[in-house]
Amino acid sequence: MIPQRIAQTALEQAKTDWRQIDENSQIFDELSRFGRGDDLVDCPALQKEFIDPERAARFVRGLVDSLLPKMTEHPLGQIPFRHQHSGGMAIMQLAAAGEAAISLVMYERRGSGAKPQTICFTDSERHEIALAGTGTLQIARRQNASTERAKLRIQPMEIKAGQSLSLRGMFETKFTDRVESRLVILRLSRTALAPQPSLEFRLSDGSLIHQASGDKRDSGHEMLLSLLGRMGRKDAAPVMAEMVREGSDHLRWQAIRECLALDTAIGFAALCEIAQDPEDSLSAIAGTLRAQLIEAHPQLAVWEESLCPV
């Protein structure tokens, strides 16, 4: 494994050398500030990277000039950046700090085939500048704040090298419609410090299709809750009941549902506690579910009385 270790060391050094170029070093310093919540206008070097085509091209060209010779010299090495390729789209994350990241995105050639049926809005902001290629984007704008049915406006946009684009995630997003040859974009993204739930709407009528936590930690907890539920782990019900007491509303509601499915007694007790607290943001929906359950299973009304003796 020594040759591979040598190769990887060489590639990591090439990455470090590129990051330490004076102009780039300033960009990465400001990326850290941006990732902590500073406004982009207060990060002039970083902001210029996404409005000045020559500077953006120089930034990426410096990486290519630094990395490719080392990759040729050391073919056993792995690209020292997180990267993925799926569905005609490749992403390589060049840097990340806090909630922010700079990525290189490449869309492969595609015609105007089957259109997407849904569109997703996430609580993040994105700033992009095209480096090479041309294509047609569809900009989707959510023109109301409803989380049940969105009023959507879809507008086409032709994009080519040198053009910039900024999107507010909860109300603006895009999907790629057509790409001639290929389209390469440099992207700056930042997730909100306390992100709202992501919302997916049907394009045809704007109806809500799916909602998911915008917090990565909540998403991980939701997956664990779902897994424990599918495994039938009744011993996890008390832990789920505790999770109902704090966290985002979306995660708490998921915990209630899974707890009810695993252990009716523990889950219903937690549900009643929330329904009886008028200051709890889930009180109304918990009260509705409690009433529905009692209507379907009248014995729960008797059992509820035993929970709250007069």
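The values are calculated or read from the model by the stated rules, or taken from the named source; none is laboratory data. Fair warning: this is a prediction, and the values are worked out from it, not measured in the lab. We place every Cβ from the backbone using ideal geometry, glycine too, and count neighbours over all the protein chains shown. Side chains included, ligands, DNA and RNA excluded: accessible areas come from the protein's heavy atoms. Shrake-Rupley method; radii C 1.70, N 1.55, O 1.52, S 1.80 Å.
Output the 0 to 90 degree angle, nearest 10, between the alpha-carbon long axis of helix 249-262 and the longest principal axis computed from the alpha carbons of the chain. Long axis of 249-262 versus the principal axis of the chain: about 50 degrees. All C-alpha to C-alpha distances of the chain, sorted into 20 Å bins beginning at zero, yield P(r) values of 25, 46, 25, 4, 0 percent in whole numbers. The range 231-281: percent of C-alpha pairs farther apart than 14 Å? Cα-Cα pairs of the range 231-281 separated by over 14 Å account for 43 percent. Within the chain, the longest run free of exposed loop sites, counting GluC sites (Glu not before Pro) that sit outside DSSP helix and strand states (H, G, I, E, B) and have at most 14 other Cβ atoms within 10 Å, spans 1-147. With all protein chains present, how much of the accessible area of the range 40-102 (probe radius 1.4 Å) comes from carbon and sulfur, to the nearest whole percent? Whole-percent figure for carbon plus sulfur exposure: 54.
Here is the tail figure for the range 49-110: Cα pairs spaced more than 21 Å apart come to 34 percent of all pairs. Could you list log10 I(q)/I(0) for the range 110-157 at q = 0.22, 0.25 Å⁻¹, which the Debye formula gives when each Cα is one point scatterer? Each listed q corresponds, in turn, to -1.07, -1.22. Compactness of the range 88-196, taken as the C-alpha radius of gyration over 2.2 N^0.38 Å, stands at 1.08. Cross-link reach is defined here as a Cα-Cα straight distance under 16 Å, omitting same-chain residues fewer than 8 places apart; for K234 the aspartates and glutamates meeting it are E242, E258, D263.
Per residue, how much accessible surface does the chain expose to a 1.4 Å probe? Answer in Å², no decimals. Don't skip to the answer; put the middle values down first.
On the way: 17120 Å² over 310 residues.
I get 55 Å² per residue for this part.
Past the 16 angstrom mark, what percentage of all C-alpha to C-alpha distances in the range 158-199 do you count? Tail of the P(r) past 16 Å holds 49 percent of the pairs.
Relative to the longest principal axis of the Cα atoms of the chain, the long axis of helix 22-35 makes an angle of roughly 10 degrees.
Quick note on the range 137-239: its Rg to Rh ratio, both from C-alpha atoms and Rh being the Kirkwood radius, is 1.09.
Can you tell me the orientation of helix 216-230 relative to the chain, as the angle in degrees between its alpha-carbon axis and the longest Cα principal axis, to the nearest 10? Roughly 50 degrees, rounded to the nearest 10. For the residues D249, D65, D29, a GNM of the chain with alpha-carbon springs under 10 Å puts the largest fluctuation on D65.
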